[in-house]
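Q: Shown below is the structure under consideration.
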Amino acid sequence: MSRPVAVVTGGTRGIGAAVAELLADRGHDLVLGYRSRDAEAAALAARLSERGVEARTVRADVADDADVARLFAVADELGPLTALVNNAGILETQRSMVEIDTARWARVFAVNVFGAAACSRAAVRRMSTASGAAGGAIVNLSSRAAQLGSPHEYVDYAASKAALDTMTRGLALEVAGYGIRVNAVRPGIIDTDIHAAGGDPGRVARLGTGQPMGRPGSAVEVAEAVVWLLSPAASYVTGTVLDVSGGR
Ligand code: NAP
């Protein structure tokens, strides 16, 4: 029997890499998209291949439809697609909303929302029982920011994640009858490099201990929820958003 095949966007670092490691442990072949860091992608693929699964990395910007097509073409080489994790996400330098211009709103939405929509389209076409496939599961990486609004940090990012929550619900209802489950995870403060991209590398250390559980979360703690939502153990779960935020 062929192994399940999962596409993880932004699957080479942070939360996406943790998801990839857990899926490899559970016998999935993997296609891991990333934006630019070739060396990190190659190192992870080498580690995963030692576990007896196929792990391919594809430099593919989810905001570019042609890149998305290439990403899924690689997945097609491995076999029928069973899982998609829309994990690629960006934020920009912390500032108040009045200082965020339209070009920045467009950049953030292009990756966090339009990219996830493009990948979801590609996945649904491959998974739907309406086209003779066996079904599958999609998990979107949202954020607690969707509900907190991220004032004076990144309202644009927070709004993009709220859009992702709505897309999760809408798509889940559209494809529930076609063997595809769609869910989202909303992480809180998680220890990855994304905070440095917002110009605040000390954010996790500064805010982590102020969380209800007294610490930040790890990428693996988020990945465990993602992998559960993808698994048959979550077979009656769709259209839902799961907070993984230590109570935040
Ligand atoms: P991260 O450490 O910054 O890693 C981001 C990954 O996404 C990298 O593999 C990166 O590729 C890739 N990527 C970035 N832009 C891309 C694009 N346009 N196309 C394709 N791939 C792209 O991020 P993370 O902290 O693990 O976050 C993962 C997801 O969780 C994001 O959606 C984020 O919004 C969400 N989240 C994170 C936190 C947190 O506290 N960390 C909290 C809530 C939600 P390169 O390596 O090539 O740059």
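Q: Can you name every residue in the range 9-54 that is more than 9 Å from the ligand (Cβ to nearest atom), buried (at least 24 other Cβ atoms within 10 Å of the Cβ) and assigned to a strand (DSSP E or B)?
A: 30, 31
Q: Counting only residues that are β-branched (Val, Ile, Thr) and buried (at least 18 other Cβ atoms within 10 Å of the Cβ), which one in the range 191-240 is farthest from the ligand (Cβ to nearest atom)?
A: 238
Q: Can you tell me which of 190, 100, 180 is at pLDDT 95 or above and within 22 Å of residue 220 (Cα to Cα)?
A: Criteria check complete, one pass: 190.
Q: Please determine, by comparing only the residues of the range 122-143 that are more than 13 Å from the chain's Cα centre (by Cα) and not small (Gly, Ala, Ser), which one is surrounded by the most Cβ atoms within 10 Å (Cβ to Cβ). Spell out the reasoning first.
A: Step one: filter the range 122-143 for residues more than 13 Å from the chain's Cα centre (by Cα), giving 122-136.
From the residues that got through so far, the ones that are not small (Gly, Ala, Ser) too are 124-127, 129.
Values: 124: 22, 125: 13, 126: 20, 127: 25, 129: 14.
So, considering only residues that are more than 13 Å from the chain's Cα centre (by Cα) and not small (Gly, Ala, Ser), the one surrounded by the most Cβ atoms within 10 Å (Cβ to Cβ) is 127.
Q: For the range 12-33, what are the residues that are in contact with a strand residue (DSSP E or B) (Cβ under 7 Å, 6 or more places away or on another chain) and free of Cβ contacts under 8 Å to residues at least 40 places away in the same chain?
A: Scanning the range 12-33 gives 20, 24, 30, 32.
Q: Would you point out which residue out of 248, 181 is assigned to a strand (DSSP E or B) and surrounded by 15 or more Cβ atoms within 10 Å (Cβ to Cβ)?
A: 181
The values are calculated or read from the model by the stated rules, or taken from the named source; none is laboratory data. Note that the coordinates shown come from a computational prediction; the quantities given were computed from them, not determined experimentally. Ideal geometry is used to build each Cβ from the backbone, glycine not excepted, and the neighbour counts take in all protein chains shown.
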